[in-house]
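The values are calculated or read from the model by the stated rules, or taken from the named source; none is laboratory data. Given the structure is predicted, the values throughout are model-derived calculations rather than measurements. Glycine also receives a Cβ, built like all others from the backbone with ideal geometry; neighbour counts cover every protein chain displayed. For the accessible areas, the whole protein counts, side chains as well, though only heavy atoms, and no ligand, DNA or RNA atoms are used. Shrake-Rupley method; radii C 1.70, N 1.55, O 1.52, S 1.80 Å.
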Amino acid sequence: MDLRSRDNSSPPRPRWRKVAYGGMQPGYGDNYTDESFLEGMVTNASVVKRDMVKVMLDSVSISEYLCVVALVVLVWTYTLTSTLDENSLLFLDASLLVSGFLILIFTQEMLSFNLLIHYCLNISFFITGLYVLAPIYQTLTRSISSDSIWAVTVSLLLLHLFLHDYSGSTVKTPVATKNPALSSCISVNASVVASVFIASRLPSRLHVFAIMLFSLLVFLFAPLVTYCIKKYSFRLHLCVSMMLIALTLSFVYMLDRLLFVLLLSVLVFVNVVCPYWLIRLQEYKFEINGPWDEAKLCFDITD
């Protein structure tokens, strides 16, 4: 009787508490949880419900840049086959440079006169240095076979497209607070090296200078111009993109029917199939959040 009374009078086990750094609680295992542990669980809290039309419109930027690269390859092809001479290339370079500056002037609100003069000086130094280095580019790959040049050029263009930043600009914009990412810099370097390889197969110094200037204007400043147009007006961005896609498809159709079908298939895949896959895959996404997650700062730590 005494032993039973002592057992009955033993203190009750303390209630389990949900604490992070309280150590083991008496009477409970280290991995014990009760019914209240999952009360704060939330599923799919940060999952964004995407709209098919919105995703298709956002993918237009990818198709636009694919067409830009396709136009560069077309100019390379016509130059290597002597369809375009150096005078036509220089006229094309001047047209691209003037039109790019006009677009920057009309779309950038914070583009001051001093900044414009700074850009003009940088462009003039860039063109002068490119003209001086043109003889070096012409003889840089003389000892390499043409088949190796074509294979490496195609590989570099694919690397450029794979690492390109389709959401922003390749170079830093006047209002940007962050520098381009490392992958974007690698993409630009790949396009520059591919341009050098193509220029090394041209016959004259002026040819090399014209094609290098054209390639660098497109690969360096075309993303900046399209980014400024998109920031200024999304409708204008869509109009320019559709015109560029139609122009590219028409030129490719005149060059080769098989390449036209291939490019059209890629554009349909990017603008229709990929958004459809993304929407369908969102249905299978299952995200769990709860009090066990790490705390996240609600402010910028650099402020």
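Key figures
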read-out: Matching option when the condition is among the hydrophobic types (A, V, I, L, M, F, W, C), out of contact with any Leu (no Cβ under 8 Å at 6 or more places or on another chain) and either surrounded by 14 or more Cβ atoms within 10 Å (Cβ to Cβ) or modelled with pLDDT of 90 or more (or both), among Leu249, Leu258; value: Leu258
read-out: Qualifying positions in region 127-144 - modelled with pLDDT of 85 or more and open to solvent by less than 60 Å² (accessible area, probe 1.4 Å); value: Ile127, Gly129, Leu130, Ala134, Pro135, Tyr137, Gln138
read-out: Evaluation of Leu236 against (1) in contact (Cβ under 8 Å) with a residue 12 or more places away in the chain; (2) open to solvent by 20 Å² or more (accessible area, probe 1.4 Å) (one fails), failing number; value: (1)
read-out: Selection from region 275-299 of residues that are touching a strand residue (DSSP E or B) at 6+ places or on another chain (Cβ under 9 Å) and either modelled with pLDDT under 65 or of a type in the set (S, T, N, Q) (or both); value: Asn289
read-out: Among residues of region 188-218, those that are under 19 Å from Tyr65 (Cα atoms), of a type in the set (Gly, Ala, Ser) and touching a Ser or Thr at 6+ places or on another chain (Cβ under 6 Å), counted; value: 3
read-out: Checking Lys230 against (1) within 19 Å of the chain's Cα centre (by Cα); (2) at pLDDT below 90; (3) surrounded by fewer than 21 Cβ atoms within 10 Å (Cβ to Cβ), the condition it does not meet; value: (3)
read-out: Condition met for Thr77 (in a helix (DSSP H, G or I), farther than 30 Å from Pro275 by Cβ and β-branched (Val, Ile, Thr)); value: yes
read-out: Residue in region 221-234 that is under 26 Å from Leu104 (Cα atoms) and not in a helix (DSSP H, G or I) present; value: yes
read-out: Hits in region 248-287 (condition: within 13 Å of Met52 (Cβ to Cβ), hydrophobic (A, V, I, L, M, F, W, C) and under 20 Å from the mean Cα position of the chain (by Cα)); value: Val272, Val273, Cys274, Trp277, Leu278
read-out: Residues satisfying the stated conditions in region 100-125, i.e. open to solvent by less than 80 Å² (accessible area, probe 1.4 Å), touching a residue at least 40 places away in the same chain (Cβ under 8 Å) and within 25 Å of the chain's Cα centre (by Cα); value: Gly100, Ile103, Leu104, Thr107, Gln108, Leu111
read-out: Subset of region 115-168 that is in a loop (DSSP other than H, G, I, E, B) and either touching an Asp or Glu at 6+ places or on another chain (Cβ under 8 Å) or small (Gly, Ala, Ser) (or both) - its residue that is nearest to Thr77 (Cα to Cα); value: Ser145
